[in-house]
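Taken together, the values in this text are just the output of simple stated rules run on the coordinates, not laboratory data. Predicted, not measured: the structure shown is a model, and the values here were computed from it. Please note: Cβ atoms are built from the backbone with ideal geometry, for glycine as well, and neighbour counts cover all protein chains shown.
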Amino acid sequence: MTPEQHYREYVAGNLERLRRTAFLLCGDWHTADDLTSTVLVKLLRHWRRAARFDNLDAYVRRMLMRAWLDERRRPWRRETATAALPEVVAVPDGDPVRRVAVLSLLAALPPRRRAVLVLRYFCDLSVEETAEALGCSEGTVKSQAARALESLRAHVSEGDALWT
Amino acid sequence: MDLRDELYEASAAPPPTTIDVDRLIAGEHRRARGLRLLGGVAAVAVLAAGAMTLPRYFGESQAPPPVLAASSGVTTTSRAPLPCPTPVATGPVVLGGGQPWHPVTEDCGAAIERLTNAVDALIARELPGLKGHNAGVDKSAPPRFIRDPHMVTAYNYGVEFEPVNGRRSFVSVIIQAGADRPGVAASALPCRQGEKGCSRQVIDGAIVQVHGQSMNGARGYQINVYRQDGTQIVVIGRCPDPGYDPPYTADQLVRIAAAPELTLYP
């Protein structure tokens with residue numbers, strides 16, 4: 001199998017997972033596709049070296065996190081501060097509405113806290129793996145996760161499923 | 001439903017992707033080709049610039065060393081063609097850094113031939129008993145012009161002598177067109193107050209400065225001559241073996257440096 005075929009096989013098997021992770025980070029499928037493309041192009045450039053890594057998924061995840069955090073630093077992506085948080089609308093049952101509510105809650109978090117939640121609860125990474133992906137200490141991951149969950153709880157009513 | 005399920009639910013059913021792996025790979029191939037092309041163009045440009053620039057500075061230093069044969073003092077017959085400064089290979093010789101105070105009009109090759117013969121004769125006359133060669137090793141340089149952006153362009157000739165009592169020695173002669181009038185040039189290098197072995201005298205109108213030298217234990221002399229016609233001459237003689245004097249005196253070197261035939265304006 002040529003390196004290019006190997007690359008294509010890897011992308012075919014992981015594209016959807018990468019897109020979904022990117023989407024949870026940025027909350028926008030177009031930006032998610034941009035981020036995923038950026039990561040895949042970088043991966044292709046270093047494929048001969050990267051293909052030999054023991055944990056290629058962790059490497060790619062780290063690239064995605066860096067791409068996302070870099071993207072957030074760009075001037076046109078900066079969030080604008082508002083005096084008051086948007087009013088939280090009561091969420092009736094129903095997937096589309098609920099999905100928007102979850103994404104809104106995620107969007108209200110700072111990028112690093114959002115990344116911690118996505119890695120811990122969507123990618124099912126341990127604290128140690130999350131710290132490695134974000135390039136920070138395990139203590140930072142724990143504190144960021146605790147604060148992120150605290151923020152989420154502040155915006156959901158008691159008894160909501162997310163409260164647990 | 002907990003947060004984990006919510007996240008899975010929120011990212012479920014994604015729209016069709018706009019990512020085309022074929023397009024990504026084709027784009028990367030185009031980029032790699034462009035970089036290779038750019039690298040090739042840059043390499044060719046650097047080589048071309050180097051080929052144009054380097055000979056200008058170092059071309060004259062790459063001349064083959066002279067073929068040696070015996071003579072009275074210094075073995076210098078049957079020389080290879082003498083190198084000249086590249087920009088004026090066939091025109092008048094322009095020595096010295098910057099604008100010479102007094103322009104030199106003698107042909108380059110003729111000047112080198114004349115000065116080399118004069119230095120050989122002076123060494124044979126003033127340093128009898130010493131046998132030297134100018135094979136271009138150590139401090140003995142074949143007659144040539146040195147051209148370097150950081151130093152003056154000058155006629156340069158070095159002779160290394162056969163050891164006397166096991167001690168080596170050499171004499172180096174530099175002749176250049178002075179950029180300053182003789183009086184100004186001479187005052188630019190005064191003897192420092194209390195400098196041991198430094199003296200000044202006038203010989204046939206030329207200002208002659210004598211410096212005793214000791215460098216890392218190697219003893220010797222440096223003679224600076226500022227001739228009225230604008231020629232500057234530096235003669236350096238040293239014994240590289242620490243703690244020993246060279247097998248000649250400062251007066252012998254002064255007689256070489258102040259000889260009237262060492263001029264760029266015959």
(message) Could you give each residue of segment A:58-71 its phi-based ³J(HN,Hα) in whole Hz, using Karplus coefficients 6.51, -1.76, 1.60 with θ = phi - 60°, and x for Gly or Pro?
(response) 5, 4, 5, 4, 5, 4, 5, 4, 5, 4, 5, 5, 5, 4
(request) Would you tell me the mean number of C-beta atoms belonging to other protein chains that fall within 10 Å of each C-beta in B:12-20, as a whole number? (result) 5
(message) Quick one: 3J(HN,Hα) in Hz for segment B:10-25, Karplus 6.51/-1.76/1.60 with θ = phi - 60°, rounded, Gly and Pro as x.
(response) 5, 9, 6, 6, x, x, x, 7, 9, 7, 10, 4, 4, 5, 4, 5
(request) Find out how many positive minus negative residues lie around A:Asn55, taking Lys and Arg as positive, Asp and Glu as negative, among other residues whose Cβ is under 12 Å from that of A:Asn55. (result) -1
(message) Quick one: 3J(HN,Hα) in Hz for segment A:151-156, Karplus 6.51/-1.76/1.60 with θ = phi - 60°, rounded, Gly and Pro as x.
(response) 5, 4, 5, 5, 10, 10
(message) Less than 14 Å Cβ to Cβ from B:Thr249, Lys/Arg counted +1 and Asp/Glu -1: what total charge do the surrounding residues give?
(response) 0
